[in-house]
Amino acid sequence: MKNKSPKDPFKTHCWAYTIVTDPYQVFAECFIFADIGSVKKTIRQVLCSVDRKKVHKKDEPASVLDLFNAVTSVILAAWELYRQKKTSALKIEPRQFTDKRLYARPGTNCAEWDYLPKNLSAGEYQNPYKVFSRFFKHGDVTQWRHHIKEVLSYALSSCTNDCELDLLKLYLQLTRLMEAAHLIDVREVLHIGGHLKPALVKEG
(Lines give C-alpha, C1' and ligand atoms only; values in the text may rest on other atoms or scores of the structure.)
Protein backbone atom coordinates (compact mmCIF):
# COMPACT_ATOMS: atom_id res chain seq x y z
CA MET A 1 0.00 0.00 0.00
CA LYS A 2 1.44 3.36 -1.08
CA ASN A 3 1.78 6.16 1.43
CA LYS A 4 -0.31 9.17 0.51
CA SER A 5 1.61 12.40 -0.03
CA PRO A 6 0.78 15.05 2.57
CA LYS A 7 -1.65 17.66 1.33
CA ASP A 8 -0.20 21.03 0.41
CA PRO A 9 -3.33 23.21 0.15
CA PHE A 10 -1.50 26.49 -0.42
CA LYS A 11 1.33 25.10 -2.59
CA THR A 12 4.08 26.33 -0.27
CA HIS A 13 6.48 23.41 -0.46
CA CYS A 14 7.91 24.44 -3.83
CA TRP A 15 9.28 27.75 -2.45
CA ALA A 16 9.19 27.56 1.37
CA TYR A 17 10.26 23.88 1.48
CA THR A 18 7.58 23.22 4.07
CA ILE A 19 3.88 22.50 3.90
CA VAL A 20 1.85 25.29 5.49
CA THR A 21 -1.82 24.60 6.22
CA ASP A 22 -2.76 27.85 8.00
CA PRO A 23 -3.47 30.76 5.62
CA TYR A 24 -2.12 33.30 8.13
CA GLN A 25 1.13 31.36 8.32
CA VAL A 26 1.33 31.48 4.52
CA PHE A 27 1.46 35.28 4.78
CA ALA A 28 4.10 35.07 7.52
CA GLU A 29 6.28 32.66 5.54
CA CYS A 30 5.97 34.76 2.40
CA PHE A 31 7.24 37.94 4.03
CA ILE A 32 10.09 36.09 5.71
CA PHE A 33 10.98 34.73 2.28
CA ALA A 34 10.90 38.24 0.74
CA ASP A 35 10.04 41.59 2.30
CA ILE A 36 7.13 43.58 0.90
CA GLY A 37 9.42 46.06 -0.84
CA SER A 38 11.19 43.29 -2.76
CA VAL A 39 7.88 41.61 -3.63
CA LYS A 40 6.40 44.76 -5.13
CA LYS A 41 9.62 45.62 -6.96
CA THR A 42 9.86 42.18 -8.57
CA ILE A 43 6.19 42.19 -9.59
CA ARG A 44 6.70 45.59 -11.24
CA GLN A 45 9.92 44.62 -13.04
CA VAL A 46 8.56 41.31 -14.30
CA LEU A 47 5.35 42.87 -15.60
CA CYS A 48 7.40 45.57 -17.35
CA SER A 49 9.28 42.76 -19.14
CA VAL A 50 6.13 41.12 -20.47
CA ASP A 51 5.62 43.29 -23.56
CA ARG A 52 9.32 43.63 -24.39
CA LYS A 53 11.29 41.35 -26.67
CA LYS A 54 14.12 41.23 -24.13
CA VAL A 55 14.08 38.49 -21.52
CA HIS A 56 13.73 39.62 -17.90
CA LYS A 57 17.28 39.44 -16.52
CA LYS A 58 17.19 41.59 -13.38
CA ASP A 59 16.86 38.45 -11.25
CA GLU A 60 17.78 34.80 -11.62
CA PRO A 61 14.89 32.97 -13.36
CA ALA A 62 14.68 30.55 -10.42
CA SER A 63 14.32 33.49 -8.00
CA VAL A 64 11.53 34.98 -10.12
CA LEU A 65 9.72 31.65 -10.24
CA ASP A 66 10.05 31.19 -6.47
CA LEU A 67 8.75 34.71 -5.81
CA PHE A 68 5.71 34.20 -8.03
CA ASN A 69 5.11 30.79 -6.48
CA ALA A 70 4.98 32.61 -3.13
CA VAL A 71 2.54 35.14 -4.60
CA THR A 72 0.39 32.24 -5.82
CA SER A 73 0.40 30.77 -2.30
CA VAL A 74 -0.75 34.13 -0.94
CA ILE A 75 -3.58 34.16 -3.50
CA LEU A 76 -4.67 30.69 -2.36
CA ALA A 77 -4.49 31.73 1.32
CA ALA A 78 -6.42 34.93 0.61
CA TRP A 79 -9.08 32.88 -1.18
CA GLU A 80 -9.49 30.70 1.90
CA LEU A 81 -9.89 33.73 4.19
CA TYR A 82 -12.29 35.29 1.68
CA ARG A 83 -14.38 32.10 1.69
CA GLN A 84 -14.42 32.18 5.50
CA LYS A 85 -15.62 35.82 5.36
CA LYS A 86 -12.84 36.96 7.66
CA THR A 87 -12.62 40.60 8.66
CA SER A 88 -10.11 42.78 10.49
CA ALA A 89 -9.51 41.96 14.14
CA LEU A 90 -8.52 45.58 14.82
CA LYS A 91 -10.56 48.76 14.81
CA ILE A 92 -8.25 51.43 13.44
CA GLU A 93 -9.12 55.11 13.72
CA PRO A 94 -7.89 57.64 11.11
CA ARG A 95 -5.68 59.28 13.75
CA GLN A 96 -3.77 55.99 14.03
CA PHE A 97 -2.90 55.75 10.32
CA THR A 98 0.67 57.02 10.85
CA ASP A 99 1.41 54.51 13.61
CA LYS A 100 4.24 52.49 12.06
CA ARG A 101 3.36 49.44 14.15
CA LEU A 102 0.23 49.01 12.01
CA TYR A 103 2.04 48.65 8.69
CA ALA A 104 5.75 47.93 9.23
CA ARG A 105 7.47 44.87 10.59
CA PRO A 106 10.25 45.98 12.96
CA GLY A 107 13.78 44.69 12.78
CA THR A 108 14.09 44.09 9.03
CA ASN A 109 16.12 45.74 6.26
CA CYS A 110 13.15 46.97 4.24
CA ALA A 111 13.00 50.79 4.03
CA GLU A 112 10.05 52.35 5.84
CA TRP A 113 8.84 53.92 2.58
CA ASP A 114 8.55 50.44 1.03
CA TYR A 115 6.29 49.29 3.84
CA LEU A 116 3.64 51.91 3.14
CA PRO A 117 0.55 50.39 1.44
CA LYS A 118 0.42 53.06 -1.27
CA ASN A 119 -2.27 51.38 -3.37
CA LEU A 120 -4.95 50.87 -0.71
CA SER A 121 -7.84 53.15 0.16
CA ALA A 122 -8.37 54.38 3.72
CA GLY A 123 -11.11 51.77 4.20
CA GLU A 124 -8.88 48.99 2.91
CA TYR A 125 -6.06 50.14 5.19
CA GLN A 126 -8.43 49.85 8.14
CA ASN A 127 -9.75 46.46 6.99
CA PRO A 128 -7.36 44.79 4.49
CA TYR A 129 -9.73 41.85 4.05
CA LYS A 130 -11.82 44.12 1.82
CA VAL A 131 -9.06 43.85 -0.76
CA PHE A 132 -9.61 40.10 -1.06
CA SER A 133 -13.26 40.41 -2.05
CA ARG A 134 -12.37 43.03 -4.67
CA PHE A 135 -9.42 40.98 -5.92
CA PHE A 136 -11.54 37.90 -6.56
CA LYS A 137 -14.16 39.92 -8.41
CA HIS A 138 -11.51 40.22 -11.13
CA GLY A 139 -11.07 36.45 -11.35
CA ASP A 140 -11.17 33.25 -9.34
CA VAL A 141 -8.13 31.29 -8.18
CA THR A 142 -7.87 29.34 -11.44
CA GLN A 143 -7.93 32.51 -13.52
CA TRP A 144 -5.32 34.23 -11.37
CA ARG A 145 -3.00 31.24 -11.55
CA HIS A 146 -3.40 31.26 -15.33
CA HIS A 147 -2.56 34.99 -15.44
CA ILE A 148 0.63 34.43 -13.44
CA LYS A 149 1.67 31.53 -15.65
CA GLU A 150 1.10 33.69 -18.72
CA VAL A 151 3.06 36.61 -17.21
CA LEU A 152 6.05 34.38 -16.49
CA SER A 153 5.91 32.80 -19.95
CA TYR A 154 6.19 36.22 -21.60
CA ALA A 155 8.65 37.77 -19.13
CA LEU A 156 11.12 34.87 -19.26
CA SER A 157 11.11 34.60 -23.05
CA SER A 158 11.66 36.97 -25.96
CA CYS A 159 8.18 36.32 -27.31
CA THR A 160 5.59 39.10 -27.02
CA ASN A 161 3.22 37.97 -29.76
CA ASP A 162 -0.49 38.03 -28.96
CA CYS A 163 0.02 39.36 -25.43
CA GLU A 164 -3.40 40.67 -24.47
CA LEU A 165 -2.78 41.06 -20.74
CA ASP A 166 -3.84 44.29 -19.07
CA LEU A 167 -0.49 44.80 -17.34
CA LEU A 168 -1.45 47.91 -15.36
CA LYS A 169 -4.53 46.18 -13.99
CA LEU A 170 -2.49 43.10 -13.09
CA TYR A 171 0.13 45.20 -11.36
CA LEU A 172 -2.41 47.11 -9.30
CA GLN A 173 -4.40 44.03 -8.30
CA LEU A 174 -1.37 41.90 -7.39
CA THR A 175 0.29 44.75 -5.51
CA ARG A 176 -2.89 45.58 -3.61
CA LEU A 177 -3.29 41.92 -2.66
CA MET A 178 0.28 41.67 -1.36
CA GLU A 179 -0.03 44.95 0.57
CA ALA A 180 -3.22 43.69 2.23
CA ALA A 181 -1.64 40.33 3.11
CA HIS A 182 1.36 42.15 4.55
CA LEU A 183 -0.83 44.37 6.75
CA ILE A 184 -2.62 41.29 8.10
CA ASP A 185 0.71 39.60 8.77
CA VAL A 186 2.07 42.65 10.64
CA ARG A 187 -1.08 43.17 12.70
CA GLU A 188 -2.40 39.70 13.39
CA VAL A 189 0.35 37.09 13.10
CA LEU A 190 2.54 36.79 16.20
CA HIS A 191 4.45 33.63 15.39
CA ILE A 192 5.91 31.68 12.49
CA GLY A 193 5.80 27.91 12.70
CA GLY A 194 5.11 28.03 16.43
CA HIS A 195 8.01 30.40 17.21
CA LEU A 196 7.57 34.06 18.11
CA LYS A 197 8.58 36.45 15.35
CA PRO A 198 12.21 37.60 15.85
CA ALA A 199 11.19 41.19 16.61
CA LEU A 200 8.78 40.03 19.32
CA VAL A 201 11.49 37.90 20.91
CA LYS A 202 13.78 40.95 21.05
CA GLU A 203 11.02 43.07 22.56
CA GLY A 204 10.37 40.39 25.18
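The values are calculated or read from the model by the stated rules, or taken from the named source; none is laboratory data. In this text the structure is predicted, and so the values were computed from the model without any measurement. Heads up: the accessible areas ignore ligands, DNA and RNA and are worked out on the full protein's heavy atoms, side chains in. Shrake-Rupley method; radii C 1.70, N 1.55, O 1.52, S 1.80 Å.
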I'd like the carbon and sulfur percentage of the solvent accessible area for the chain, probe radius 1.4 Å, heavy atoms only, ligands and nucleic acids excluded. 52 percent
Along region 62-68, what does the Karplus equation 6.51 cos²θ - 1.76 cosθ + 1.60 (θ = phi - 60°) give for ³J(HN,Hα), rounded to whole Hz, x for Gly and Pro? 5, 5, 5, 4, 4, 4, 6
Tell me, what ³J(HN,Hα) does each residue in region 26-36 have, in order and in whole Hz, if you take phi through Karplus 6.51 cos²θ - 1.76 cosθ + 1.60 with θ = phi - 60° and put x for Gly and Pro? 4, 4, 4, 5, 4, 8, 7, 4, 8, 6, 4
What value, in deg cm²/dmol to 500, does the helix sum -39500 (n - 2.57) over DSSP H runs of n ≥ 4 give at 222 nm once divided by the residues of the chain? -16500 deg cm²/dmol
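For region 1-153, what does the alpha-carbon gyration tensor say about shape, rounded, prolate or oblate, given a ≥ b ≥ c as the root eigenvalues, a/c under 1.5 as rounded, and a/b over b/c as prolate?
Oblate.
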Per-residue SASA entry for THR18, accessible area with 1.4 Å probe, Å² rounded to 10: 50 Å²
Expressed in square angstrom to the nearest 10, the accessible area of LYS40 with a 1.4 Å probe stands at 20 Å²
Sorted by accessible area with a 1.4 angstrom probe, largest first, how do TYR17, TYR125, TYR82 fall? TYR17, TYR82, TYR125
For the chain, with a Gaussian network of springs between Cα atoms less than 10 Å apart, report the residue from LEU67, LEU76, LEU165 with the top mean-square fluctuation. LEU165
